[in-house]
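Chemist: Sharing a structure with you now.
The values are calculated or read from the model by the stated rules, or taken from the named source; none is laboratory data. This one's a predicted model, so the numbers in the text were calculated from it and none came from an experiment. Cβ atoms come from the backbone with ideal geometry, glycine included; neighbour counts cover every protein chain shown.
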Amino acid sequence: MQVVIRFDELADYLAADCDFIVELGEQKGIGSSSLIIRKCGKTILVDRGLAFEGAGAEKLTTYPVGADLKDIHIDLMIFTHVHADHTGLIVPTILAHDESRVIFSRKTLEELKIVLADSLTIQKKEAKKAYFSGLPAPAAMFSEEYVDTFLARAEGGFYEIVNTDEEDEWFSFEDWPDWDFGFTFSGHTPGSFISFIKTPDGDGIVATGDFCGHDQETTEGVPTLRENFLEMGNFRECRRIILITEATNGNRDREESQEEMDTRLKAVLDETERRGGNALFPVFMVNRGPNIVMKLVRLGFKVFVAGGVRKTIKAEIEPALLDKWLADGTVMLIQNGKDYEEQLRAAAHGEYGFRPIVTSSATLDQGAGVDFAIQMLPVPENALISTGHRFDGSAMKEFFEIKNKPLGPGHTIVLNRMDRNFRLEKKVVNVRCGGYHFDYSAHPYCRELVTLATSLNPDVVFVKHCTEEGFHGLESALHNELGEKCPPISWARHLHLFEL
Ligand SMILES: [Zn+2]
């Protein structure tokens, strides 16, 4: 059975004695992830994220419904990985639910320390920006005190912290008879895992979270689940296997192999160097930043790193390797201090030699990337390189729309930068550099989604974290692959409640 509910009806469904799942986020397409699983009298929350839409000053944050869910009794929370669309609200949610057990990974905690500090800094800057623009301060999502409390509890053993980057884990809780939980690395980003829940009625639930079937520079892909992991939890013996999978790339397969893309990237950079230019890589600081730094070094380039990527490389690249690169000058980090602007200018103008710049943020809507773009986009010899999804409404997307038009006057882009006094400046930038896109996705393509799903032999499939095209792409690929044996497939989108 499937019904569309209002959030205020959720309490009634929880009070009734029935099992179901319902997604509280993902209002449109992918967005923020926050799934409620109600099973055998327990309420489990998988992720509590937030999503960013639109660009620059018009940027909107979308939240899952239900704020911190304070009127709902939650028995267990699972946070699948550090990305904001999965853990953006982890701090207020956990602190509003002392009754709940909490599970996340050691690596997720390590990266949360970086991104929570970054969120607090951004919150402070936004408040100052609003003040100087004569606007009311935006509501803070959480305070420094909240973050400190959360981190102290995490270190103090309040939560179940798994180490899935190192080993698979199966465990149970004494006061939850006949429940078993399994976690295994998902290949998406350091610290990400796939969750397995064996319930007292014999069902087995698999929530993939975000995963990745192909290798990235810093992580190995997970094309199928290891049989010995499933055996450890006797998972194949479950009465039914209920699969809840992501499908970010459900409607597409790779157009270019990893090797072809790397070869093309190297050719673009060699050509940029030959004509005396430099290359700018605005990236998301988590996962993509460290991956691009690793890739560039592997392809034989020296790298200049700025913004939050300076912190995430320390969490995601093996420390001894990174130390070696820093010592021998392979990787250079911009240093905070009074000559920061001078280092930025020198790097942008190639005065440290040909040294591609890897910096946040991928959308070019904020962060250090904007300062480099202002200096680099007007120079025809330079290259701007996008290595991920180009979000609608972002300055990055606008840049590529300009690049695709025939050459002519008026090729400008407006970038928002914050000056030293937290005042928002609109910079009109003449776009004359080259632009290149490489689809280094950290999500599984359609074929990989089908491989993982069929290897589990599920009895029911729910598809989430996808656009409508993504859902239909995976649905028809699974029908093609399994024919008559294909299990029922549903799109578990915003406030659609499915009885289990
Ligand atoms: Zn993710």
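Chemist: Output the helices (runs of 4 or more DSSP H) that fall wholly within region 278-344 and possess 2 or more residues being in contact with a Gly (Cβ under 7 Å, 6 or more places away or on another chain), surrounded by 14 or more Cβ atoms within 10 Å (Cβ to Cβ) and of a type in the set (Val, Ile, Thr), or say none.
Modeler: Working: elements: 288-298, 309-316, 319-327.
Because the criterion is at least 2 residues that are in contact with a Gly (Cβ under 7 Å, 6 or more places away or on another chain), surrounded by 14 or more Cβ atoms within 10 Å (Cβ to Cβ) and of a type in the set (Val, Ile, Thr), the helices (runs of 4 or more DSSP H) in region 278-344 that meet it are 309-316.
Chemist: Here are Gly250, Gly277, Gly233, Gly213: which of them is within 29 Å of Tyr340 (Cβ to Cβ) and touching a residue at least 60 places away in the same chain (Cβ under 8 Å)? Before the answer, list the steps.
Modeler: Numbers: Gly250 fails: within 29 Å of Tyr340 (Cβ to Cβ); Gly233 fails: within 29 Å of Tyr340 (Cβ to Cβ); Gly213 fails: within 29 Å of Tyr340 (Cβ to Cβ).
Of the residues listed, the single one that is within 29 Å of Tyr340 (Cβ to Cβ) and touching a residue at least 60 places away in the same chain (Cβ under 8 Å) is Gly277.
Chemist: Take region 96-132 and flag every residue that is over 22 Å from Gly187 (Cα atoms), in a helix (DSSP H, G or I) and polar (S, T, N, Q).
Modeler: Ser119, Thr121, Gln123
Chemist: Can you tell me which residue in region 198-221 is farthest from the ligand (Cβ to nearest atom), limited to those that are over 17 Å from the mean Cα position of the chain (by Cα) and within 19 Å of His86 (Cβ to Cβ)?
Modeler: Ile205
Chemist: Specify the residue that is farthest from the ligand (Cβ to nearest atom); the eligible residues are those in region 428-445 that are among the aromatic types (Phe, Trp, Tyr) and assigned to a loop (DSSP other than H, G, I, E, B).
Modeler: Residue satisfying both the conditions and the ranking: Phe438.
Chemist: Being farther than 19 Å from Asn430 by Cα and either surrounded by fewer than 18 Cβ atoms within 10 Å (Cβ to Cβ) or of a type in the set (Phe, Trp, Tyr) (or both) is the filter here, so list the residues in region 345-371 that pass it.
Modeler: Result: Ala346, Glu351, Tyr352, Gly353, Phe354.
Chemist: If you don't mind, there's one more thing I want to ask. If you take the residues of region 72-86 that are closer than 20 Å to Thr164 by Cβ and part of a loop (DSSP other than H, G, I, E, B), which of them is nearest to the ligand (Cβ to nearest atom)?
Modeler: His83
Chemist: Of Leu478, Leu500, which residue is touching a Phe, Trp or Tyr at 6+ places or on another chain (Cβ under 9 Å) and more than 16 Å from the ligand (Cβ to nearest atom)?
Modeler: Exactly one residue qualifies, and that residue is Leu500.
Condition check ((1) among the basic types (Lys, Arg); (2) more than 16 Å from the ligand (Cβ to nearest atom); (3) modelled with pLDDT of 95 or more; (4) over 25 Å from Asp118 (Cα atoms)) across all residues:
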{"residue": "Gly277", "(1), (2), (3), (4)": "no, yes, yes, yes"}
{"residue": "Gly289", "(1), (2), (3), (4)": "no, no, yes, no"}
{"residue": "Met294", "(1), (2), (3), (4)": "no, yes, yes, no"}
{"residue": "Gly300", "(1), (2), (3), (4)": "no, yes, yes, yes"}
{"residue": "Val305", "(1), (2), (3), (4)": "no, yes, yes, no"}
{"residue": "Met332", "(1), (2), (3), (4)": "no, yes, yes, no"}
{"residue": "Gln335", "(1), (2), (3), (4)": "no, yes, yes, no"}
{"residue": "Arg345", "(1), (2), (3), (4)": "yes, yes, yes, no"}
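Chemist: Based on what the data block shows, is Asp392 assigned to a loop (DSSP other than H, G, I, E, B), in the same structural domain as Gly277 (by TED's automatic domain parsing) and within 27 Å of the chain's Cα centre (by Cα)?
Modeler: yes
Chemist: Could you check region 1-30 and list, in sequence order, the residues that are among the small types (Gly, Ala, Ser) and out of contact with any Pro (no Cβ under 8 Å at 6 or more places or on another chain)?
Modeler: Ala11, Ala15, Ala16, Gly29
Chemist: Have a look at Ala117, Ala140, Ala57, Ala67 and point out the one that is among the hydrophobic types (A, V, I, L, M, F, W, C), more than 23 Å from Met418 (Cα to Cα) and modelled with pLDDT under 95.
Modeler: Testing whether each residue is among the hydrophobic types (A, V, I, L, M, F, W, C), more than 23 Å from Met418 (Cα to Cα) and modelled with pLDDT under 95 leaves just Ala67.
Chemist: Let me ask something additional. From Thr219, Thr245, Thr263, which residue is exposed (fewer than 14 other Cβ atoms within 10 Å of the Cβ) and of a type in the set (Ser, Thr, Tyr)? Give the derivation first.
Modeler: Working: Thr219 fails: exposed (fewer than 14 other Cβ atoms within 10 Å of the Cβ); Thr245 fails: exposed (fewer than 14 other Cβ atoms within 10 Å of the Cβ).
The match here is Thr263.
Chemist: Let me ask something additional. May I ask you to list the residues in region 317-364 that are of a type outside the set (Gly, Ala, Ser) and either within 22 Å of Met396 (Cα to Cα) or assigned by TED's automatic domain parsing to the domain that holds Thr218 (or both)? Spell out the reasoning first.
Modeler: We begin by selecting, within region 317-364, every residue of a type outside the set (Gly, Ala, Ser); these are 317-319, 321-326, 328, 330-336, 338-345, 349, 351-352, 354-359, 363-364.
Of everything in region 317-364, those that are of a type outside the set (Gly, Ala, Ser) and either within 22 Å of Met396 (Cα to Cα) or assigned by TED's automatic domain parsing to the domain that holds Thr218 (or both) turn out to be Leu344, Arg345, His349, Arg355, Pro356, Ile357, Val358, Thr359, Thr363, Leu364.
Chemist: Looking only at region 15-41, how many residues end up being over 16 Å from Ala492 (Cα atoms) and surrounded by 18 or more Cβ atoms within 10 Å (Cβ to Cβ)?
Modeler: 1
Chemist: Continuing with the same structure: Residue by residue through region 452-472, note down the ones that are surrounded by fewer than 22 Cβ atoms within 10 Å (Cβ to Cβ) and more than 16 Å from Ile241 (Cα to Cα).
Modeler: Of everything in region 452-472, those that are surrounded by fewer than 22 Cβ atoms within 10 Å (Cβ to Cβ) and more than 16 Å from Ile241 (Cα to Cα) turn out to be Thr467, Glu468, Glu469, His472.
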